[in-house]
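K.L.:
Have a look at this one.
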Amino acid sequence: RGIPREPGTHWTEPGCQSCTCQGGQILCDNVSCSVPCSHPLPAPAGGCCPTCTGCLHEGVARDDGDVFSPSDGNCTVCVCLAGNVSCLSPECPPGSCPSPSLADCCSCNPEKCNFRGRTYAHGARFSLDGDDCTTCVCQGGEVECSFTPCPMLDCPQHQRHLRPGQCCSTCRDPPAPAGCFLDDNGVEFPVGQIWSPGDPCELCICQADGSVSCQRTDCVETCPYPIRIPGQCCPDCSAGCTYMGRIFSNNETFPSALDPCLSCICLVR
C-alpha cells in the first residue's frame, strides 16, 4: 500500500487485520482477542477487542461496580466487577412461608394445621366438635379460636334468655299486661274495669293491652227545673223539684217563699 515495512514489524489494518512483514511478504490474519471476563463490553470505536472495564448484561451496559437486579428476579442482586457479573439470591426456608420481608421473594407452601386428630389447610375455618359458638382458623400451622360475637341487647338482664342450640342470648317477649296501672295514684285496675277518675261525667275502662280509654258523657236536660244530685253526672228530672235551693218530691206541697198565703206543689211534667 505504498508504505515500506521493516522485516519483523507488526501492525493492525482496518477491519481488525493483524499483519506482519516476514521475508519481504505481508502476512495478515484476523486479530485474536483474549477476553478474561464473563460479560465484556463491545469494542470501543476504532478498537477490535471487547473491553472488561464494564459489563454487558441482558443487553444493558453496566459500569464497573454497579449493583442491579435482573428483570426476571425480584430479589436477586447482581454486581459488575471487572467485566464479570455476580448474582446473589436470598436463601428461602424450605416448606413454610418466610417472614413478611421475604414473602415476595420466596415461593412457599403454607403449613397445614393438625388439630384434635384432624388436618386443616392454611386459611380453613371450622367449628369445634359440638360447639358451634366457637370459630377456629388455620394460620401457617397454628390454630386460632374465638367465640362467635353476639349483638348488643336493649333489654334488662332478667329478660335475656339463651335458647338451646343458640350461641347468643335473646330478649324474652314482655309478659302480657294483667291490668292498667295508674302512675298518678298507684291504683291498678283489672282488664275490663270501668271507673270514674273524679269527674262523674267521665268514665274510663282498662283495655286488654294495658291502656286506659276514657270518654265523657254529654247530658241532655229534658225538664225546665232539673235536680242536680251530688256525685251524679246529669241532672235528674224524675226526682222532684228544686225551689229556692230546696228539693221537693213529686206532689209535695209547700208554702211560697214570696207569699205565705200561697201554697205550691211539685209536679213533674
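K.L.:
Could you point to the residue in VAL31, THR242, PHE126 farthest towards the positive end of the chain's charge dipole, with +1 and -1 charges on the Cβ of Lys/Arg and Asp/Glu respectively?
P.N.:
VAL31
K.L.:
Kindly rank 46-55, 33-42, 141-150 from highest to lowest mean number of other beta carbons found within 10 Å of each residue.
P.N.:
46-55, 33-42, 141-150
K.L.:
Okay, moving on. Per residue, how many Å² of accessible area does the chain show with a 1.4 Å probe?
P.N.:
Normalised by residue count, the accessible surface of the chain is 72 Å².
K.L.:
What does the C-alpha gyration tensor say about the overall shape of segment 125-269? Classify as rounded when a/c is under 1.5, otherwise prolate if a/b is larger than b/c, or oblate.
P.N.:
Prolate, because a/c is 1.5 or more and a/b exceeds b/c.
K.L.:
Taking 0.36 nm per residue of separation and subtracting the Cα-Cα distance, what length does fully extending ARG118 through THR242 add?
P.N.:
Net length gain for the segment: 34.5 nm.
K.L.:
For segment 145-259, what relative contact order do you get, as a whole percent, if you take Cα pairs closer than 8 Å and at least 6 residues apart?
P.N.:
The normalised contact order for segment 145-259 reaches 12 percent.
K.L.:
Specify which labelled value, from [x] 75, 55, 48; [y] 57, 47, 37; [z] 193, 58, 23, agrees with Cα extents along the principal axes in Å derived from the coordinates of the model shown.
P.N.:
The calculated read-out lines up with [z].
K.L.:
Pull out the extension gain between ARG125 and PHE181, defined as 0.36 nm times the separation in residues minus the alpha carbon to alpha carbon distance; nm, one decimal.
P.N.:
Additional length available on full extension: 14.9 nm.
K.L.:
Among rounded, prolate and oblate, which fits segment 39-88 when a ≥ b ≥ c are the square roots of the eigenvalues of its C-alpha gyration tensor, a/c under 1.5 means rounded, and a/b larger than b/c means prolate?
P.N.:
It comes out prolate by the Cα gyration axes.
K.L.:
Measure off, as a whole percent, the carbon and sulfur share of the 1.4 Å-probe accessible area of the chain, all protein chains present.
P.N.:
Reported share for carbon and sulfur atoms: 52 percent.
The values are calculated or read from the model by the stated rules, or taken from the named source; none is laboratory data. Just so it is clear, the model here is predicted, and its values are computed rather than measured. As a convention, Cβ positions derive from the backbone with ideal geometry for all residues, glycine included, and neighbour counts pool all protein chains shown. Accessible surface is based on the protein model in full, side chains and every heavy atom, while ligands, DNA and RNA are left aside. Shrake-Rupley method; radii C 1.70, N 1.55, O 1.52, S 1.80 Å.
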